[in-house]
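**Student:** My questions will all concern the structure given below.
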Amino acid sequence: MFSYLSTLAVSLYAITGGPSVGKTSIINELETMGEVICREAATDIISQYQLNGVAHPWELQGFESEIYFEKVARELSALSKAQDQGKQKVFTDRGLLDTLVYLETNNKLDTDEYVQVSNHINSLNLKDHYRAVFFVEPYAGSEFIADDTGVRHEDTTEAIRLGIEAKRIYAKAGIPVIIVPPHMTPKERADFVLEKLHALE
């Protein structure tokens, strides 16, 4: 089993959860604190398609695998940046297994892109790839309503369902899952993440 972390003295931590729950706000705070971060790929790819007149790119064949391999490239870039700066950790907005969540929930299990993505994931040693995953509960708790950003298309029910599946799939992979609770500001949540890391160390 291979992980592109094997030659790097850097730990990778994924911040995951359903759409609109506050993941990117935490990532932004961590970056402000001087941490090395890896931004998610989906929003940028969707926005580019929509600028080119494709309103629903998630309906295109191969869309999820395109996001996946862009995410792989972004993780590699962030890890190299951390190593160059002498940093020991990288926080990534969503992890690689998030793509499997979308493929499974969108009934794409019998597609070439599912085979392509799952084969690549199976080539990684996921327990070494992500030292831990931070699962972000919806920021407003039971009063959560998914934002309509014009980019992602999930409603509140779908956002919650995707979050539940994300938590399940990372736990199933044997990666430690740390719950980030609701009713906290992005700064408080970023502080919570860093405090939990100190406990891991």
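**Student:** I'm checking my understanding of the structure. Among residues of the stretch 134-151 that are buried (at least 18 other Cβ atoms within 10 Å of the Cβ) and modelled with pLDDT under 90, which one is nearest to Val101 (Cα to Cα)?
**Tutor:** Filtering the stretch 134-151 down to residues buried (at least 18 other Cβ atoms within 10 Å of the Cβ) leaves 134-139, 144, 146.
When the remaining residues are screened for being modelled with pLDDT under 90, the result is 139, 144, 146.
Numbers: Tyr139: 21, Phe144: 21, Ala146: 18 Å.
Looking at residues that are buried (at least 18 other Cβ atoms within 10 Å of the Cβ) and modelled with pLDDT under 90, I get Ala146.
**Student:** So if I check each of Ser20, Ser47, which one is modelled with pLDDT under 95, under 24 Å from Ala140 (Cβ atoms) and hydroxyl-bearing (Ser, Thr, Tyr)?
**Tutor:** Details: Ser47 fails: under 24 Å from Ala140 (Cβ atoms).
None of the others qualify; the one that does is Ser20.
**Student:** Another question, if that's okay. Select from the stretch 181-196 the residues that are under 16 Å from Arg131 (Cα atoms) and crowded, with 18+ Cβ neighbours inside 10 Å and list them in ascending order. First the steps, then the outcome.
**Tutor:** Quick first cut of the stretch 181-196, residues under 16 Å from Arg131 (Cα atoms) only: 193-196.
Across the stretch 181-196, the qualifying residue is only Val193.
**Student:** Same structure, new question: From Arg131, Arg168, which residue is more than 23 Å from Asn28 (Cβ to Cβ), of a type outside the set (Val, Ile, Thr), touching a helix residue (DSSP H, G or I) at 6+ places or on another chain (Cβ under 9 Å) and at pLDDT 90 or above?
**Tutor:** Working: Arg131 fails: more than 23 Å from Asn28 (Cβ to Cβ).
Selected residue: Arg168, the only one of Arg131, Arg168 that is more than 23 Å from Asn28 (Cβ to Cβ), of a type outside the set (Val, Ile, Thr), touching a helix residue (DSSP H, G or I) at 6+ places or on another chain (Cβ under 9 Å) and at pLDDT 90 or above.
**Student:** Does the stretch 161-174 include one or more residues that are in a helix (DSSP H, G or I), more than 28 Å from Glu70 (Cβ to Cβ) and in contact with a strand residue (DSSP E or B) (Cβ under 7 Å, 6 or more places away or on another chain)? Talk me through it step by step, then tell me what you get.
**Tutor:** Residues of the stretch 161-174 in a helix (DSSP H, G or I): 161-172.
The next check asks that each one be more than 28 Å from Glu70 (Cβ to Cβ); those that pass are none.
Looking for residues that are in a helix (DSSP H, G or I), more than 28 Å from Glu70 (Cβ to Cβ) and in contact with a strand residue (DSSP E or B) (Cβ under 7 Å, 6 or more places away or on another chain), one finds none in the stretch 161-174, hence no.
**Student:** Next up: Output the number of the condition that Arg131 fails; it satisfies all remaining conditions of (1) of a type outside the set (A, V, I, L, M); (2) surrounded by 12 or more Cβ atoms within 10 Å (Cβ to Cβ); (3) more than 20 Å from Leu96 (Cβ to Cβ).
**Tutor:** Among (1) of a type outside the set (A, V, I, L, M); (2) surrounded by 12 or more Cβ atoms within 10 Å (Cβ to Cβ); (3) more than 20 Å from Leu96 (Cβ to Cβ), Arg131 violates only (3).
**Student:** Report yes if some residue within the stretch 177-192 is within 16 Å of Ser11 (Cβ to Cβ) and either modelled with pLDDT under 95 or out of contact with any strand residue (DSSP E or B) (no Cβ under 6 Å at 6 or more places or on another chain) (or both); otherwise report no. Walk me through how you get there before you give the answer.
**Tutor:** At the first step, the residues of the stretch 177-192 found to be within 16 Å of Ser11 (Cβ to Cβ) are 177-178.
The next check asks that each one be either modelled with pLDDT under 95 or out of contact with any strand residue (DSSP E or B) (no Cβ under 6 Å at 6 or more places or on another chain) (or both); those that pass are none.
The answer is no; no qualifying residue exists.
**Student:** I would also like to ask the following. Consider Met33 against the criteria (1) under 30 Å from Glu143 (Cα atoms); (2) under 17 Å from the mean Cα position of the chain (by Cα): it satisfies all of them except one. Which criterion is unmet?
**Tutor:** Condition (2) is where Met33 drops out.
**Student:** Can you say whether Val133 is in contact with an Asp or Glu (Cβ under 8 Å, 6 or more places away or on another chain), β-branched (Val, Ile, Thr) and not in a loop (DSSP other than H, G, I, E, B), as far as the supplied structure shows?
**Tutor:** Values: in contact with an Asp or Glu (Cβ under 8 Å, 6 or more places away or on another chain): no; β-branched (Val, Ile, Thr): yes; not in a loop (DSSP other than H, G, I, E, B): yes.
The answer is no for Val133.
**Student:** I'd like the full set of residues that are within 20 Å of Lys167 (Cβ to Cβ) and either touching a residue at least 24 places away in the same chain (Cβ under 8 Å) or not in a loop (DSSP other than H, G, I, E, B) (or both), limited to the stretch 109-119.
**Tutor:** Step one: filter the stretch 109-119 for residues within 20 Å of Lys167 (Cβ to Cβ), giving 109, 117-118.
Within the stretch 109-119, Val117, Ser118 qualify.
**Student:** Could I ask something else about it? Read through the list (1) in contact with a Leu (Cβ under 9 Å, 6 or more places away or on another chain); (2) of a type in the set (Val, Ile, Thr); (3) without any contact (Cβ under 8 Å) to a residue 12 or more places away in the chain, then give the number of the only condition that Thr105 fails.
**Tutor:** It fails just one condition, (3).
The values are calculated or read from the model by the stated rules, or taken from the named source; none is laboratory data. Model, not experiment: these values are computed from the prediction. Note that we place each Cβ from the backbone using ideal geometry, even for glycine, and neighbour counts take in every protein chain shown.
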